[in-house]
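Visitor: Sharing a structure, written as structure tokens. Questions coming.
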Amino acid sequence: MIDLVLIAVLLLGFFVAWNIGANDAADSVGVSVGARILTYRRAIMFVIIFALFGAILEGWKNMGTVGKGIIIPGPGGVNPLSAVPLATIALLIAAGIWMFVMSTLGLPISVTQSMVGAVMGAGLLITFMRPDLGASVQFSKLGTIAISWLCNPIIAAIFGFTLFKIVGASLRRIKSIFLLNRVFSILVLTAAAYGGYTLGANDLGTCTGVLHGYGVFGGVPQIISLFGIVGLAIGAITYSRRVIQTVGSGITGLGPASAFASQFGAALAVWIFVQFRIPVSSSQALIGAIAGAGLVKGAETVNRKKLGHIGIVWVLTPGVTLLLSFAIGWLLLSLFPV
């Protein structure tokens, strides 16, 4: 039974990582593709390579927050996610299903919100159905994370707006078309690389935190990151095109300067939160930065209807995955009491 549960946890963890590639690859390179600086295939290679670096070097920061910082062990010190493996299975199913549905609809969502909501649902389930463990949900940590979710897109929008103003003014001084195109390419590729790095550090670290808390591969963050990056790579290759199209051209028209400002501004905002071990949404950061850069050209250039649809999904995501996680876990624990 234990072996079957471990296999289920690994398979579902892989499915969640696959969904990160399917949905959040757009956060790293969607604007680069939309600005026609990178082809779709080259963009995916950028995601995979630099997400690997980010996951290995800094993924452990959010991994620890999600895997061990939201659900607090009782007096025995055993991590509740490993003590109640069916709750772990439930939260992975809930987060994975929601991510997959949104990717199919072509909507960029917060995989961070999906996972944090699902972990919270599992934590509430464990405290309710297994009070003997003495586990609890650390609501103070959740409050900090929730506040960061509100600040993240605003900060990214400010970065995107400011960078576009600065870069746009500087680039207008370059008279050589050849040199200008060269500078454009370097800027956008740099931003794409930085975006891929933060994808690995923030998103992959966050969504593999459950595997870390459960203790797969001995709980070693670097090994878990390598496992997750394989799933992310396959998801990016097989299922990311629709969301990349939404991010790259569905919100506002992007040129090379605005593409750089949006991508770099979003990556910078996310990376800052990673340093404080706070998981935030790279999708929210990117959409905020794109909107900020778009405002430089005028508010009328921003597709407010598309932003409205994305905003509704953002609001729903943590609540939906919390309820799904709790309901699926309740069902599993009722069928297979432990």
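The values are calculated or read from the model by the stated rules, or taken from the named source; none is laboratory data. Since the structure is predicted, the reported quantities are computational estimates derived from the model, not experimental observations. Please note: Cβ atoms are built from the backbone with ideal geometry, for glycine as well, and neighbour counts cover all protein chains shown.
Visitor: So residue 84 ticks every box in (1) crowded, with 21+ Cβ neighbours inside 10 Å; (2) among the aliphatic types (A, V, I, L, M); (3) within 20 Å of the chain's Cα centre (by Cα) but one. Which box is left unticked?
Guide: Condition not satisfied by residue 84: (3).
Visitor: Being of a type in the set (A, V, I, L, M, F, W, C) and within 18 Å of residue 29 (Cα to Cα) is the filter here; which residues of the stretch 166-201 pass it?
Guide: If the condition is that a residue be of a type in the set (A, V, I, L, M, F, W, C) and within 18 Å of residue 29 (Cα to Cα), then 183, 184, 186, 187, 188, 189, 191, 192, 193, 199, 201 are the ones that fit.
Visitor: Among (1) of a type outside the set (Lys, Arg); (2) surrounded by 24 or more Cβ atoms within 10 Å (Cβ to Cβ); (3) farther than 14 Å from residue 205 by Cβ, there is one condition residue 75 misses while meeting the rest; what is its number?
Guide: Here residue 75 clears every test but (2).
Visitor: Can you name every residue in the stretch 265-290 that is farther than 16 Å from residue 35 by Cβ, assigned to a helix (DSSP H, G or I) and of a type in the set (Gly, Ala, Ser)?
Guide: 269, 282, 283, 285, 288
Visitor: Looking at this structure, is residue 282 under 22 Å from residue 56 (Cβ atoms), among the small types (Gly, Ala, Ser) and within 19 Å of the chain's Cα centre (by Cα)?
Guide: yes
Visitor: Can you tell me which residue within the stretch 119-143, out of those that are aliphatic (A, V, I, L, M) and touching a Phe, Trp or Tyr at 6+ places or on another chain (Cβ under 8 Å), is surrounded by the most Cβ atoms within 10 Å (Cβ to Cβ)?
Guide: Ranking the qualifying residues of the stretch 119-143, first place goes to 122.
Visitor: In addition: Filter the stretch 157-184 down to the residues that are farther than 23 Å from residue 283 by Cα and of a type in the set (S, T, N, Q), then identify the one that is surrounded by the fewest Cβ atoms within 10 Å (Cβ to Cβ).
Guide: 176
Visitor: When the stretch 147-197 is examined, which residues are found to be in contact (Cβ under 8 Å) with a residue 60 or more places away in the chain and of a type in the set (Lys, Arg)?
Guide: Matches in the stretch 147-197: 165 only.
Visitor: If I ask for residues that are of a type in the set (Phe, Trp, Tyr), in contact (Cβ under 8 Å) with a residue 24 or more places away in the chain and surrounded by fewer than 24 Cβ atoms within 10 Å (Cβ to Cβ), which ones from the stretch 198-240 would you list?
Guide: Correct list: 227, 239.
Visitor: Moving on to the next point. Just give me the residues in the stretch 4-45 being free of Cβ contacts under 8 Å to residues at least 40 places away in the same chain and assigned to a helix (DSSP H, G or I), in sequence order.
Guide: Passing the criteria: 4, 7, 11, 41, 42, 45.
Yes/no matrix, rows are residues, columns are (1) in a helix (DSSP H, G or I); (2) at pLDDT 95 or above; (3) among the basic types (Lys, Arg):
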| site | (1), (2), (3) |
| --- | --- |
| 202 | yes, yes, no |
| 247 | yes, no, no |
| 254 | no, no, no |
| 263 | yes, no, no |
